[in-house]
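Heads up: the structure comes next, in structure tokens.
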Amino acid sequence: MCQPEFVAIPMKELLSSGGEAHVTYTTAEPYPHISMDNFWDAGLLSQVAAEFPELGGKGDLRFNDPNQQKLASRGEYRFGPVTRELVHFLNSQPFLEFLSALTGIKGLIPDPYFSGGGLHEIRRGGFLKIHADFNKHPDLHLDRRINLLIYLNENWEESYGGHLELWDKGMKQCEKKILPIFNRMVIFNTTDLSYHGHPDVLTCPEDRSRRSLALYYYTNGRPRGEVGPDNRITTQFRPRDEDPAKMKSFNRVKDLVTNLTPPFILKLLMRKVK
């Protein structure tokens, strides 16, 4: 299979399509982002969806606390053959050039280890509270700049929920809600104030789940003011007014421990949790 077959538009138009959407991306509120439908060849993306593994086994990541109930793959070991070809294309020069034209961020570097990325799944009753992502790669020490999400949920209904919510920098209100339908790609800048998540409990049928493919992109250095001086390798959750008290208490303790723990010890603890 040739990698260019993944893209629904001609490959020669890939770079120019990024440039054409640049203003839309950079002027979006509450922070630079874009939602693009049917960017990928539907037949091939259906194969990616069909390859999605049963997560939750040995070697997979399981999160179950007041901030999140979700599952994730580790590295690319759980990718099927078509999924592997897709993510390799997503990390290729042509696609990086498209991302740079779209976002205006030059010198983008992919993560071949998929740290925090890969296949993500939230099942009925699960959630991912509003948060700002870690801003420093835990091993490569690069600056995280862009999140890319591809949703794999065919025939997904509004009543199932699972909307990706983008919140304002003061955590006062949700500015945008994006339904995670099949072949929808969302790209957004990663800073200390790019608050996002899927905060409400998923209400899909028991035999369905919210599935996505996540990739993150980095640079060596970043503009001042996008993040604080702490170079976080952990996710920073922020409760909404309506979130339960136990989430707020959990994060007060979590943030205190994170701030008091030396970075090298924190890194070791994170690896043990995984």
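The values are calculated or read from the model by the stated rules, or taken from the named source; none is laboratory data. Everything numeric here is computed off the predicted structure, so don't read it as measured data. Cβ atoms come from the backbone with ideal geometry, glycine included; neighbour counts cover every protein chain shown. Heads up: the accessible areas ignore ligands, DNA and RNA and are worked out on the full protein's heavy atoms, side chains in. Shrake-Rupley method; radii C 1.70, N 1.55, O 1.52, S 1.80 Å.
Restricting to region 31-48, count the residues that are outside any strand (DSSP E or B), open to solvent by 20 Å² or more (accessible area, probe 1.4 Å) and either under 22 Å from ILE122 (Cβ atoms) or of a type in the set (S, T, N, Q) (or both).
3
Among the candidates GLY56, GLY107, GLY75, which residue alone is assigned to a loop (DSSP other than H, G, I, E, B), in contact with a Lys or Arg (Cβ under 9 Å, 6 or more places away or on another chain) and either farther than 16 Å from GLY117 by Cβ or touching a residue at least 24 places away in the same chain (Cβ under 8 Å) (or both)?
One residue alone meets the criteria, GLY56.
Hey, does region 119-130 have a residue that's crowded, with 19+ Cβ neighbours inside 10 Å, touching a Phe, Trp or Tyr at 6+ places or on another chain (Cβ under 6 Å) and under 24 Å from ARG222 (Cβ atoms)?
yes
Being without any contact (Cβ under 8 Å) to a residue 60 or more places away in the chain and among the small types (Gly, Ala, Ser) is the filter here; which residues of region 29-46 pass it?
Correct list: GLY43 only.
Counting just the residues of region 2-20 that are modelled with pLDDT of 85 or more and part of a loop (DSSP other than H, G, I, E, B), which one comes out surrounded by the fewest Cβ atoms within 10 Å (Cβ to Cβ)?
Checked region 2-20; the qualifying residue surrounded by the fewest Cβ atoms within 10 Å (Cβ to Cβ) is PRO10.
Please count how many residues of region 150-209 are without any contact (Cβ under 8 Å) to a residue 24 or more places away in the chain, among the basic types (Lys, Arg) and not in a strand (DSSP E or B).
Qualifying residue count, region 150-209: 1.
Does ARG211 satisfy the condition of being under 15 Å from the mean Cα position of the chain (by Cα), closer than 27 Å to ASP111 by Cα and open to solvent by 40 Å² or more (accessible area, probe 1.4 Å)?
yes
Conditions tested, residue by residue: (1) loosely packed, with under 14 Cβ neighbours inside 10 Å; (2) over 23 Å from ARG123 (Cβ atoms).
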position: HIS22; (1), (2): no, yes
position: THR26; (1), (2): no, yes
position: GLU29; (1), (2): yes, yes
position: PRO53; (1), (2): no, no
position: GLY56; (1), (2): yes, no
position: ASP65; (1), (2): yes, no
position: GLN69; (1), (2): no, no
position: SER73; (1), (2): no, no
position: TYR77; (1), (2): yes, no
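Only one of (1) over 23 Å from GLY162 (Cα atoms); (2) open to solvent by 40 Å² or more (accessible area, probe 1.4 Å); (3) in a loop (DSSP other than H, G, I, E, B) fails for GLU97. Which number is that?
GLU97 satisfies every listed condition except (3).
So ARG84 ticks every box in (1) open to solvent by 60 Å² or more (accessible area, probe 1.4 Å); (2) in a loop (DSSP other than H, G, I, E, B) but one. Which box is left unticked?
Among (1) open to solvent by 60 Å² or more (accessible area, probe 1.4 Å); (2) in a loop (DSSP other than H, G, I, E, B), the lone unmet condition for ARG84 is (2).
Output the number of the condition that PRO138 fails; it satisfies all remaining conditions of (1) modelled with pLDDT under 95; (2) open to solvent by 30 Å² or more (accessible area, probe 1.4 Å); (3) in contact with a Ser or Thr (Cβ under 7 Å, 6 or more places away or on another chain).
The failed condition is (2).
For region 211-231, which positions are modelled with pLDDT of 95 or more and touching a Lys or Arg at 6+ places or on another chain (Cβ under 8 Å)?
TYR216, TYR217, TYR218, THR219
If you take the residues in region 192-201 that are open to solvent by less than 40 Å² (accessible area, probe 1.4 Å) and at pLDDT 95 or above, which one is nearest to SER100 (Cα to Cα)?
It comes out as SER194.
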